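The values are calculated or read from the model by the stated rules, or taken from the named source; none is laboratory data. No experiment lies behind these values; they were computed from the predicted model shown. Reconstructed Cβ throughout: ideal geometry from the backbone, glycine too, with neighbour counts over all protein chains shown. To get the accessible areas, we keep the full protein, side chains included, count just its heavy atoms, and leave off ligands, DNA and RNA. Shrake-Rupley method; radii C 1.70, N 1.55, O 1.52, S 1.80 Å.
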Amino acid sequence: MPGKFRRIAVEEAFSIAEVAAELQKVSRAPGDSADLPLIRGIYDAQPGYGNLKFLDGLLDIEDRRLKEMDRYGVDMHLLSLTAPGVQMFDADTACELATLANDRLAAVIARHPTRFAGLASFAPQSPRRAVKEMERAVNRLKLNGFIVNSHTNSEYLDDPKYWPILEAAESLERCLYIHPRGASDGLKGPLRDYGMDAAMWGYGVEVGTHAVRMMASGLFDRFPRLKICIGHMGEAVHFWLWRINFMNSRAQSIGRAPKTKLTMAEYFQRNFLITTSGHEDPLALEYSVKKLGASNVMWAIDYPYQPTAPAVAFMDAAPLADADKALLYHKNAERIFHIPAAQGS
Ligand code: 1WB
Ligand code: MN
């Protein structure tokens, strides 16, 4: 079912057996990370956590996934190692598995260069080694950008120890996609009940908090060309920009927030893009495109966590001019993730 537009879906999850095995170990160890309920359901099917049948879909790339893409006219998945990535492992294991996942990803892309592109993983646990892997991923593996799953050991990217990672993304001119994971220790308390810890609410709170921390910290004055992408319809951050702006300027005026060259809204407009992953409300899309411009919104499915057919139907039906729809469906992704334009598109 070929579409009128090339369809590039930009937040599509995969895993590899080695990472899944390590997450199963994490799921069986004691702990109270907000990621554990979901990990127990996906990697271990432990009693009380449901049997979330996502693992086959994460591990398969070239069989069922390609058939599903063909069936619904999805030209390309921009793949990323699924949350929490390697961020729950010790530093050595994390570095090793990020490298392995990136190698596998590059091999899949080499076999299907028109069907897959990919975001590189790295281990924030070791910023120095992370930077080395980021350089290798772009310069040697030709991967298309980077993925990080929000906090690492409850620390956020505004912490100066992570600045080398931001500096690398900026100087390599590759976008850093901040995907959610369970909320950090300081944030998780009231999110534990009623299934709120993951995609229903906790994920958005976690990444929204991360994005606002980054803007309010002033780090975009240091990294003015850094591009950050956030999914799930911008995790609602852009809905709050007016109020974030107003209250941030008050916080600045009483010395509770650092002085910044630009306003929070200006940073969001300059340094962020959003995607529609797992969020199919036409009114939210209309607001997003009006607020941020069609050049800053990209289409995504959130495979395998979300079904493909409604994600395609949602964007096909969106009341946008053709030129704007082309931006959301593929042109922004081509520009931001350095994906070659298809012949004739
Ligand atoms: C789900 C969604 C699970 C996402 C995930 O596990 C991720 C879910 C890492 O729907 O249960 C996601 O990325 O939105
Ligand atoms: Mn997602």
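Tabulated results
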| read-out | value |
| --- | --- |
| Surrounding net charge for R28, when Lys and Arg each add one and Asp and Glu each subtract one, Cβ distance under 12 Å | 0 |
| The chain pair-distance distribution - Cα-Cα, 10 Å bins, rounded % | 5, 26, 36, 25, 6, 0 |
| Choice from F14, F246, F116 with maximal GNM fluctuation in the chain (Cα, 10 Å cutoff) | F246 |
| Per-residue ³J(HN,Hα) for the stretch 219-233, Karplus 6.51 cos²θ - 1.76 cosθ + 1.60, θ = phi - 60°, Hz, x for Gly and Pro | 5, 6, 6, 7, 10, x, 9, 5, 10, 10, 10, 10, x, 6, 6 |
| Span-rule helices in the chain, defined as complete DSSP H runs reaching 20 Å or more along the axis (Cα) with Kyte mean at least 0.0 | 91-111, 202-217 |
| Within the accessible area of the stretch 57-208 (1.4 Å probe), percent carbon and sulfur | 52 |
| Residues with amide H under 5 Å from that of F14, placed H, sequence gap 5 or more | S80, L81, T82 |
| Dipole of the chain, positive end: most advanced residue of M200, M215, G255 [Cβ charges, Cα centre] | G255 |
| MRE, 222 nm, helices only [DSSP H, n ≥ 4, -39500 (n - 2.57), over the chain, to nearest 500] | -12500 deg cm²/dmol |
| For G145, residues with placed amide H under 5 Å, excluding near neighbours | A120 |
| Relative contact order (%) - criterion: Cα under 8 Å, at least six apart; region: the chain | 18 |
| Accessible area expressed per residue, the chain, with surrounding protein chains retained (probe 1.4 Å, Å²) | 43 |
| Counting all C-alpha pairs of the stretch 287-334, share separated by more than 18 Å (%) | 28 |
| Rounded if a/c under 1.5, otherwise prolate or oblate - the stretch 202-345, Cα gyration tensor axes | prolate |
| Cα centroid of the stretch 255-273 to Cα centroid of the stretch 1-76, whole Å | 34 |
| For M298, residues with placed amide H under 5 Å, excluding near neighbours | I274, T275, T276 |
| FRET efficiency, 1/(1 + (r/R0)^6) with R0 56 Å, evaluated for H112 and A251 via beta carbons | 0.70 |
